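Enquirer: The structure under discussion is supplied below as structure tokens; questions concerning it will follow.
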Number of protein chains: 2
Amino acid sequence: MKKKRLMAPGPTPVPPESLLAMAQPAFHHRTATFKELFGEVNQGLKYVFQTTNPVLTFASSGTGAMEGAVANTLCAGDTVLVVRGGKFGERWAEICESYGVNVVPIDVEWGDAVEPNKIADELKKNRDIKAVFATLCETSTAVLTDIGAIGAVVRDTDALLIVDAISALCADDLRTDDWGVDVAVAGSQKGLMTPPGLAFVSLSDRARKAMERSTLPKYYFSFRKALASLEKTDTPYTPAVPLVVALLNSLRMIRQETIESVLERHGRLARAARAGVEAMGLELFSRSPANTVTAITVPAGVDGVKLIGALEKEYGITLAGGQEKLKGKIIRIAHLGYCDDLDLLSALAPIEMAVNKLGHPIELGAGVAAAERVLAEG
Amino acid sequence: MKKKRLMAPGPTPVPPESLLAMAQPAFHHRTATFKELFGEVNQGLKYVFQTTNPVLTFASSGTGAMEGAVANTLCAGDTVLVVRGGKFGERWAEICESYGVNVVPIDVEWGDAVEPNKIADELKKNRDIKAVFATLCETSTAVLTDIGAIGAVVRDTDALLIVDAISALCADDLRTDDWGVDVAVAGSQKGLMTPPGLAFVSLSDRARKAMERSTLPKYYFSFRKALASLEKTDTPYTPAVPLVVALLNSLRMIRQETIESVLERHGRLARAARAGVEAMGLELFSRSPANTVTAITVPAGVDGVKLIGALEKEYGITLAGGQEKLKGKIIRIAHLGYCDDLDLLSALAPIEMAVNKLGHPIELGAGVAAAERVLAEG
């Protein structure tokens with residue numbers, strides 16, 4: 001017997017109670033029953049986004065809401081800054097370019113975090129920049145971006161701060177209001193412990209103001225329509241009801257644990273993961289490690305694709321490999337969402353065994369021991 | 001005790017087996033497990049669309065795929081014909097207008113079906129029309145459109161035929177290939193007996209050709225990217241895995257019943273519904289009644305909104321009222337998807353009782369008896 005264990009950065013495991021909640025008989029969404037649960041979901045989303053702004057819910061992957069963030073706040077010909085330090089930063093740029101928005105890229109070595117100064121410099125150089133796009137946790141490199149510092153820089157300009165928090169929400173701190181994040185985008189299948197298929201967008205007053213001048217085409221992802229429906233605890237188009245039901249249960253679990261404790265749990269798991277990796281004699285890939293996901297540089301002589309395959313086949317554990325230019329070069333452990341201390345140890349142990357088996361010597365148990373020491377500190 | 005019964009035109013009831021399939025532990029979508037089930041889903045979708053064309057799957061409501069159909073095949077400034085005979089025909093026009101596409105509307109009285117001649121006339125008048133938009137079942141009026149006849153008219157022109165089959169797929173016949181439908185759009189939460197949150201699009205060779213000249217902006221709903229992923233039995237962005245799992249089970253049920261039998265079942269239920277309504281002395285609203293949904297004109301002196309409320313409150317049955325200008329004027333019974341003979345009788349009986357109670361006399365049992373006679377014919 002090999003149990004299946006899922007520790008990739010999304011979709012993440014869903015609590016059985018949330019899974020089973022989806023199995024209740026179908027019901028209509030234009031009813032008091034749905035309004036009541038959707039109302040609670042909307043409050044829960046504000047709680048995890050740490051915002052008093054409205055948070056919209058769409059039936060889509062996170063990318064759909066990213067597109068909405070561009071199409072609803074900008075015009076063709078606008079100029080924006082995009083931090084590109086991985087696959088998801090690049091996605092912001094691609095979306096903007098698809099809509100005829102001029103992208104001034106701030107390119108960052110994969111594995112590094114952007115220096116907020118660079119954003120300040122560009123904003124000084126070009127007073128007409130309409131938005132700054134960043135990524136809270138760049139999942140492809142496990143890099144955490146200092147959104148608080150970027151917010152401090154952007155706050156005094158007319159530019160919007162638009163943040164992809166899809167993987168990081170609930171794992172790395174996102175102080176939407178305190179940091180002046182105008183648009184934050186998230187997805188259901190990460191820290192929110194819900195299956196994939198829902199995307200979320202918070203909108204500040206400044207973002208809602210920008211919507212008024214935006215002339216880019218939009219329909220399904222129209223924030224104006226979604227805001228009008230939200231006023232009536234509704235959605236413009238049929239919501240993905242079972243996913244909303246699962247989300248309600250998972251949000252209740254987060255509320256019960258409190259967002260502060262949830263964030264601290266992710267911090268502890270990430271510190272333990274990093275200590276474990278270093279005790280194995282392996283290298284962390286990210287120079288600004290996130291609490292969402294930990295990336296390990298695959299040691300010379302080991303094929304990262306084979307390693308991921310062996311972990312899956314021999315131990316039943318799904319981790320993530322590298323994407324695009326990092327394919328085969330890193331592996332990524334997501335200690336994300338419905339994940340506790342022993343889950344983390346269950347990810348470190350097979351890495352020790354599998355890397356050894358692929359010819360790179362690791363003292364068995366060394367990583368687990370180091371992680372235990374961090375976890376034991378509490 | 002009052003059991004809940006759902007007979008609105010979407011979301012529709014989901015078989016318990018499909019609901020429970022969603023409760024299985026989360027698993028990753030870039031795996032052999034997902035590829036195998038998604039491959040079977042893709043084959044099943046072709047089967048129900050009656051097409052050899054590729055059928056794309058998106059995590060979204062049906063409206064998202066409608067937007068994709070516009071954004072992927074047209075350019076700003078193009079001219080198109082849109083049949084507008086209800087809320088959903090109007091939606092095609094709204095989407096086109098959002099993208100700067102010129103709409104030549106073919107307006108049809110709500111309750112009537114378009115005459116294919118009118119489309120032929122417009123196509124002759126304007127050789128530069130790039131697409132004809134129609135709705136297989138206009139859910140807001142319960143009107144069936146003769147897509148076969150429209151296909152025969154459009155086939156000899158350079159225009160694409162783009163059809164909203166969201167509510168009607170599996171309930172009213174859609175011969176995508178035989179009728180020359182270039183783009184057909186569907187949703188999971190209707191005849192496919194799956195929860196809301198997935199949308200589907202079939203693309204003919206002509207549609208894929210049109211994609212090459214389209215310059216409208218798109219990203220999440222990019223058909224080009226979705227087609228490239230489909231080649232690898234994959235999706236460009238994280239799919240809504242549990243909904244795909246539920247869909248697989250429901251598609252297997254449809255295959256087992258066969259699409260011909262599924263369509264005949266919907267035909268029989270619709271005939272029985274219509275006979276029942278007429279035997280109650282009530283009037284059918286649609287002059288071209290669909291097999292997806294039956295619309296009843298609320299008799300003078302009865303408030304349709306109150307009637308829907310009473311049916312819900314007294315009998316636990318969810319039917320749909322009228323939308324927009326039909327609010328309060330019609331009620332709609334969806335005999336759609338996971339619905340059998342006795343479900344239909346369970347919808348007619350409370351209508352008899354509730355209409356009576358609201359002051360319009362109906363001979364109790366008359367509608368049910370007439371429906372039984374149709375059903376007994378087999």
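Enquirer: Looking only at the stretch B:121-143, which residues are assigned to a loop (DSSP other than H, G, I, E, B) and of a type in the set (S, T, N, Q)?
Expert: B:126, B:139, B:140, B:141
Enquirer: If you don't mind, there's one more thing I want to ask. Right, residue A:2: within 30 Å of residue B:19 (Cα to Cα) and either within 17 Å of the chain's Cα centre (by Cα) or more than 13 Å from every other protein chain (Cβ to nearest Cβ) (or both) or not?
Expert: Considered against the rule, which asks whether it is within 30 Å of residue B:19 (Cα to Cα) and either within 17 Å of the chain's Cα centre (by Cα) or more than 13 Å from every other protein chain (Cβ to nearest Cβ) (or both), residue A:2 comes out as yes.
Enquirer: Do we find that residue A:253 is in contact (Cβ under 8 Å) with a residue 12 or more places away in the chain and under 30 Å from residue A:36 (Cα atoms) in this structure?
Expert: Taking the combined requirement at face value, the residue satisfies it.
Enquirer: Name the pairs whose Cβ atoms lie under 6 Å apart, with the first residue in the stretch B:343-370 and in the same structural domain as residue B:296 (by TED's automatic domain parsing) and acidic (Asp, Glu), the second part of a helix (DSSP H, G or I) and crowded, with 20+ Cβ neighbours inside 10 Å, and 6 or more positions between them or separate chains?
Expert: B:352/B:367
Enquirer: Any residue in the stretch A:257-270 that is farther than 13 Å from residue A:291 by Cα sitting within a Cβ distance under 6 Å of a residue that is modelled with pLDDT of 95 or more and buried (at least 18 other Cβ atoms within 10 Å of the Cβ)? List the pairs, counting only those 6 or more apart or interchain.
Expert: A:259/A:48
Enquirer: While we're on this one: Being β-branched (Val, Ile, Thr) and in contact with a helix residue (DSSP H, G or I) (Cβ under 6 Å, 6 or more places away or on another chain) is the filter here; which residues of the stretch A:20-47 pass it?
Expert: A:41
Enquirer: Please name all residue pairs, on different chains or six or more residues apart, with Cβ atoms under 8 Å, provided the first residue is in the stretch A:207-224 and is of a type in the set (Val, Ile, Thr) and the second residue is surrounded by fewer than 22 Cβ atoms within 10 Å (Cβ to Cβ).
Expert: A:215/A:75; A:215/A:76
Enquirer: Looking only at the stretch B:341-369, which residues are surrounded by fewer than 19 Cβ atoms within 10 Å (Cβ to Cβ), more than 27 Å from the chain's Cα centre (by Cα) and either in a helix (DSSP H, G or I) or among the polar types (S, T, N, Q) (or both)?
Expert: Residues satisfying the conditions are B:353, B:356, B:357, B:366, B:369.
Enquirer: I'm checking my understanding of the structure. Among residues of the stretch B:49-65 that are at the interface with chain A (Cβ under 8 Å from one of its Cβ atoms) and within 16 Å of residue B:96 (Cα to Cα), which one is surrounded by the most Cβ atoms within 10 Å (Cβ to Cβ)?
Expert: B:62
Residue-wise test of (1) crowded, with 17+ Cβ neighbours inside 10 Å; (2) under 17 Å from residue A:323 (Cβ atoms); (3) within 14 Å of chain B (Cβ to nearest Cβ).
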position: A:95; (1), (2), (3): yes, no, yes
position: A:104; (1), (2), (3): no, no, no
position: A:109; (1), (2), (3): no, yes, no
position: A:115; (1), (2), (3): no, no, no
position: A:127; (1), (2), (3): no, no, no
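Enquirer: Here is a follow-up. Which numbered condition trips up residue A:17, out of (1) among the acidic types (Asp, Glu); (2) within 23 Å of residue A:137 (Cα to Cα); (3) surrounded by fewer than 18 Cβ atoms within 10 Å (Cβ to Cβ)?
Expert: It fails just one condition, (2).
Enquirer: Which condition number does residue B:87 fail, the rest of (1) modelled with pLDDT of 95 or more; (2) touching a helix residue (DSSP H, G or I) at 6+ places or on another chain (Cβ under 9 Å); (3) at the interface with another protein chain (Cβ under 9 Å from one of its Cβ atoms); (4) closer than 30 Å to residue B:310 by Cβ being met?
Expert: Unmet for residue B:87, out of (1) modelled with pLDDT of 95 or more; (2) touching a helix residue (DSSP H, G or I) at 6+ places or on another chain (Cβ under 9 Å); (3) at the interface with another protein chain (Cβ under 9 Å from one of its Cβ atoms); (4) closer than 30 Å to residue B:310 by Cβ: (3).
Enquirer: Just give me the residues in the stretch A:242-255 being in contact with a Phe, Trp or Tyr (Cβ under 7 Å, 6 or more places away or on another chain) and of a type outside the set (Lys, Arg), in sequence order.
Expert: Passing the criteria: only A:244.
The values are calculated or read from the model by the stated rules, or taken from the named source; none is laboratory data. None of these values were measured; they are calculated from a predicted model. So basically every Cβ, Gly included, is an ideal-geometry build from the backbone, and we count neighbours across all protein chains shown.
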